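Just below is one structure, and these are the notes that go with it.
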Amino acid sequence: MSTIQRANKIELDLNDQQTAASKKHAGAAPWAYNWGLQREQEAYAATGGSPFAPDLHRELNARKGTAVPLRYEVSKFAPQEALRNRDHASVHLYRRAQLKRQGKHHRKIGCRKRKIKKKGLGSFRLTGSLVVVPTAIQSPRLGHLCLTEHGYLPASGVNVLSATVSEPAGHWYGPLRAEQDWDMPLSTGPSVGVDPAIKILVTLSDGTAIANTRPPRRQLKKLKRLQRAVSRKQKGSTCRKKAAGKPAKRLRNATNQRANTLHQVTTMLARTKPVVVMEDLNVSGLLTNHHPVHVIADVGFAEFRQQLTCTAMWYGSREAVASRWELSSKVCSGCGCINKELARANRELQCWNCGLVIDRDLSAAIKLAYLAGSSSDSQNACGGESTDRGREATVKLSSVKQKTRPQLGVP
């Protein structure tokens, strides 16, 4: 039995009064962030220093009776957490600037930007006295927030740390971050190699292939029509606001469909496989090619990797990651020969040595499955200290014997 932190996301069923109060909180949080950013810039120009979130929060409380009357209508946690977010943004900005001076950061540093209403209502985070019951969440100021799904959140043996309320496409969500006791099960079954792709979401070493549903791609034509309808409306009009909500709902449905598929696949792998081996893909490098950028982004490789890492820890399986520089898709799974001349358009691998003809994704998955026994248990799946279960390891395909095609002669 161990204590872990989990985030449970669920939709809220708010009434009119709670919706109005949530909008006030969602407006107070970015206002406090922008105000804290302005005060930081003023203090840095005057003294060369920067105030921290507790100092800004005390100054904000002193002004709430005169300059900030909205502070009496919202919970104190919404602007307080927004100021803490500003502190975290400052810390990461200075960290990237320091790495830039050392030559370890090669991307553009940028700067912190103000929160604007153009990107939506935003979100706010609540802490303090949060109580969870099977049918609702009791929060400060907002009161008894009913849930659309009952019995989904754990109500006993849980220490609720925070709740982040957001509103995408007219639906209110309240993800909870909580500490709870977790009895990590022991995953049994054969190890598996996972090769993610575009047309086929994942190909497993046991021959299972899960197709990619591509929900954003299938609704792209409809989204274009809805966006053109928005552009025809007069700016600032009520009709434009109504028209802008339609493409947002389409994108929300597509995002939920993709997330549902990824959750089902990762949960199936974590529950049934003790070791899951996959390749470390360079997703940011793949996105630099503008031709397949939309197709690659619709798959969600990074989200799949993140969900698999967390889910593997919960269900006691181990995730091993192969190096991205190894030729996994060009290596024969039968004899280990490497065909460096295999083009990306060829979806079948024909071995010159043993004569094996196999799908290249399946061959790569089988090759990755060989590494399950040779991987080293050095790092926890969430980056902590190593334990007996729930680990992530970095392995290399060089641990399996490979042969290269000779340059001269006919095989």
Would you say Ala244 is in a helix (DSSP H, G or I) and outside the structural domain of Thr208 (by TED's automatic domain parsing)?
yes
Which residues, counting only those in the stretch 19-36, are over 26 Å from the mean Cα position of the chain (by Cα) and of a type in the set (Ser, Thr, Tyr)?
Thr19
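Inspect all residues belonging to the stretch 318-341 and state whether any of them is closer than 20 Å to Ile4 by Cβ, under 18 Å from the mean Cα position of the chain (by Cα) and exposed (fewer than 15 other Cβ atoms within 10 Å of the Cβ). Quick ask: steps written out before the conclusion?
So in the stretch 318-341, the residues closer than 20 Å to Ile4 by Cβ come out as 318-319.
Now narrow it down to the ones that are under 18 Å from the mean Cα position of the chain (by Cα): 319.
Still in the running and exposed (fewer than 15 other Cβ atoms within 10 Å of the Cβ): none.
Checked the stretch 318-341: no residue is closer than 20 Å to Ile4 by Cβ, under 18 Å from the mean Cα position of the chain (by Cα) and exposed (fewer than 15 other Cβ atoms within 10 Å of the Cβ).
From the list Ala364, Ala345, which one is under 22 Å from Leu286 (Cα atoms) and surrounded by 22 or more Cβ atoms within 10 Å (Cβ to Cβ)?
Details: Ala345 fails: surrounded by 22 or more Cβ atoms within 10 Å (Cβ to Cβ).
Unique residue meeting the criteria: Ala364.
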Please give the number of the condition Gln379 fails out of (1) surrounded by 20 or more Cβ atoms within 10 Å (Cβ to Cβ); (2) at pLDDT below 75.
(1)
What do you reckon, is Lys235 assigned to a helix (DSSP H, G or I), outside the structural domain of Thr203 (by TED's automatic domain parsing), modelled with pLDDT of 85 or more and out of contact with any Pro (no Cβ under 7 Å at 6 or more places or on another chain)?
no
Does the stretch 277-291 contain any residue that is touching a residue at least 40 places away in the same chain (Cβ under 8 Å), outside any loop (DSSP other than H, G, I, E, B) and either in contact with a Lys or Arg (Cβ under 7 Å, 6 or more places away or on another chain) or among the aromatic types (Phe, Trp, Tyr) (or both)?
yes
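If we only count strands (runs of 3 or more DSSP E) wholly inside the stretch 135-214, which ones have 2 or more residues that are among the β-branched types (Val, Ile, Thr) and within 18 Å of Leu308 (Cα to Cα)? Before the answer, list the steps.
Values: elements: 136-139, 143-147, 158-166, 176-182, 192-196, 200-204, 209-211.
The qualifying strands (runs of 3 or more DSSP E) are 192-196, 200-204.
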Could you check the stretch 167-196 and list, in sequence order, the residues that are surrounded by 19 or more Cβ atoms within 10 Å (Cβ to Cβ) and not acidic (Asp, Glu)?
Trp172, Gly174, Leu176, Ala178, Ser187, Ser191, Val192, Gly193, Val194, Pro196
Ser284 being small (Gly, Ala, Ser), more than 18 Å from the chain's Cα centre (by Cα), outside the structural domain of Pro168 (by TED's automatic domain parsing) and exposed (fewer than 13 other Cβ atoms within 10 Å of the Cβ):
no
(1) in contact (Cβ under 8 Å) with a residue 24 or more places away in the chain; (2) under 31 Å from the mean Cα position of the chain (by Cα): which one isn't true of Glu73, the others all being true?
(2)
In the stretch 231-256, which residues are more than 25 Å from Val295 (Cβ to Cβ) and either under 20 Å from the mean Cα position of the chain (by Cα) or aliphatic (A, V, I, L, M) (or both)?
Ala243, Ala244
Any residue in the stretch 310-336 that is basic (Lys, Arg) sitting within a Cβ distance under 6 Å of a residue that is assigned to a loop (DSSP other than H, G, I, E, B)? List the pairs, counting only those 6 or more apart or interchain.
Arg324/Asp280; Arg324/Asn282; Lys330/Asn339; Lys330/Leu342
How many residues are within 22 Å of the chain's Cα centre (by Cα), part of a loop (DSSP other than H, G, I, E, B), more than 24 Å from Gln41 (Cα to Cα) and at pLDDT 80 or above when one looks only at the stretch 106-130?
1
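Determine whether the stretch 44-51 contains at least one residue that is in contact with a Ser or Thr (Cβ under 6 Å, 6 or more places away or on another chain) and modelled with pLDDT under 90.
Residues of the stretch 44-51 in contact with a Ser or Thr (Cβ under 6 Å, 6 or more places away or on another chain): 44.
With the extra rule that they be modelled with pLDDT under 90, the set shrinks to 44.
Yes, because at least one residue in the stretch 44-51 is in contact with a Ser or Thr (Cβ under 6 Å, 6 or more places away or on another chain) and modelled with pLDDT under 90.
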Only listed residue being among the aliphatic types (A, V, I, L, M) and surrounded by 12 or more Cβ atoms within 10 Å (Cβ to Cβ), chosen from Ala45, Ala32, Ala67, Ala62:
Ala32
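Yes/no per residue for (1) closer than 30 Å to Leu186 by Cα; (2) in contact with a Leu (Cβ under 6 Å, 6 or more places away or on another chain):
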{"residue": "Arg214", "(1), (2)": "no, no"}
{"residue": "Gln219", "(1), (2)": "no, no"}
{"residue": "Ala229", "(1), (2)": "no, no"}
{"residue": "Pro274", "(1), (2)": "yes, no"}
{"residue": "Ile296", "(1), (2)": "no, yes"}
{"residue": "Gly316", "(1), (2)": "yes, yes"}
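Sort out which residues of the stretch 257-274 are under 22 Å from the mean Cα position of the chain (by Cα) and in contact (Cβ under 8 Å) with a residue 60 or more places away in the chain, and write them in order of number. Even if it seems obvious, please write down each step before you answer.
In the first step, residues of the stretch 257-274 are kept if they are under 22 Å from the mean Cα position of the chain (by Cα); the result is 257-271.
Thr261, Val265, Leu269, Ala270, Arg271, listed by residue number.
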Determine if the stretch 298-309 includes at least one residue that is aliphatic (A, V, I, L, M), closer than 17 Å to Ser205 by Cβ and buried (at least 19 other Cβ atoms within 10 Å of the Cβ).
yes
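The values are calculated or read from the model by the stated rules, or taken from the named source; none is laboratory data. Here the structure is a predicted model, which is why all the values come from computation and not from measurement. Ideal geometry is used to build each Cβ from the backbone, glycine not excepted, and the neighbour counts take in all protein chains shown.
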